[in-house]
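K.L.:
Starting off with a structure, shown below.
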Amino acid sequence: MGRDPSRPLRVDAQRNRDKILSTAVRLFAEEGLDANFDRIAKAAGVGAGTLYRNFPTREALVVAAYRNELTRLCDAAPELRDRLEPHEALRAWMGRFIDYATAKLGMANALRAAIESGDNPYAHSQEMLLGAIGSLLEASVSAGTVRADLGAPDVLASLTGIALASGRPSQRDQAERLLDLTMDGLRKLA
């Protein structure tokens, strides 16, 4: 039996859930769907019962892991904006996008299976991503470091292309060079 999602989790239960999700993302990215529940539970430092209580099916775990990664990525935008110069925050977020895309590639088959079972893990993804990129772009445009004629959809399309072409962990150096090239294209000309 799965847990009641309407009830808030205790702090320790939330910590276990977070460990399961981060471990699942890592193992799905490394092993694809071959990562089994017992291995995920062991690597997360929890019992199999804890994993099954939170995520009764593989699809439930994959969808929750995907949504968790998406939320973490989008929630990073304001934190980066507060800590870094606007153009540096945008570039740092782009690197995190590639991390997110790499993890998503490892979960692709399971995400497709979730869609086939009637769940839509991508329901609000584009809206969330465009909001995060838009806030970073706006700060960079206001600072005068980024062109004003490009929008969040343009940047998302560029990042998606980089992720598709160079989203594997072994291609990270190339992805970083392509992100730098994208930033060069975004810079405001004097």
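K.L.:
If I filter region 105-140 down to residues being touching a residue at least 60 places away in the same chain (Cβ under 8 Å) and under 14 Å from the mean Cα position of the chain (by Cα), which single residue comes out as farthest from Phe55 (Cα to Cα)?
P.N.:
Leu105
K.L.:
Here are some conditions: (1) crowded, with 22+ Cβ neighbours inside 10 Å; (2) of a type outside the set (Gly, Ala, Ser); (3) farther than 16 Å from Glu127 by Cα. Ile115 meets all but one. Which one does it not meet?
P.N.:
For Ile115, the failing item is (1).
K.L.:
Residue under question is Ala132, and the condition is that it be touching a Pro at 6+ places or on another chain (Cβ under 9 Å), surrounded by 15 or more Cβ atoms within 10 Å (Cβ to Cβ) and either acidic (Asp, Glu) or not in a loop (DSSP other than H, G, I, E, B) (or both); does it hold?
P.N.:
In short, yes.
K.L.:
Also, quick follow-up: Given the conditions (1) among the aliphatic types (A, V, I, L, M); (2) touching a residue at least 60 places away in the same chain (Cβ under 8 Å); (3) under 30 Å from Asp34 (Cβ atoms), and given that Val146 satisfies all but one, which numbered condition is not satisfied?
P.N.:
All conditions are met except number (3).
K.L.:
Would you check if Asn109 is polar (S, T, N, Q) and not in a helix (DSSP H, G or I)?
P.N.:
no
K.L.:
Which of the numbered conditions does Arg58 fail, given that it passes all the others? Conditions: (1) surrounded by fewer than 20 Cβ atoms within 10 Å (Cβ to Cβ); (2) basic (Lys, Arg); (3) at pLDDT 95 or above.
P.N.:
(3)
K.L.:
If a residue has to be part of a helix (DSSP H, G or I) and closer than 22 Å to Arg39 by Cα to count, how many in region 51-98 make the cut?
P.N.:
16
K.L.:
I've got another one for you. Return the residue satisfying two criteria in turn: it lies in region 146-180 and is more than 19 Å from the chain's Cα centre (by Cα) and not in a helix (DSSP H, G or I), and of such residues it is surrounded by the most Cβ atoms within 10 Å (Cβ to Cβ).
P.N.:
Selected residue: Val146.
K.L.:
Which ones in region 181-190 are without any contact (Cβ under 8 Å) to a residue 40 or more places away in the chain and assigned to a loop (DSSP other than H, G, I, E, B)?
P.N.:
Ala190
K.L.:
Starting from residues that are acidic (Asp, Glu) and either over 24 Å from Glu79 (Cβ atoms) or assigned by TED's automatic domain parsing to the domain that holds Glu31 (or both), keep the ones in region 106-158 and report whichever is modelled with the highest pLDDT.
P.N.:
Taking the candidates together, the pick is Asp149.
The values are calculated or read from the model by the stated rules, or taken from the named source; none is laboratory data. As the structure is a prediction and not an experimental result, all values here were calculated from the model. We place every Cβ from the backbone using ideal geometry, glycine too, and count neighbours over all the protein chains shown.
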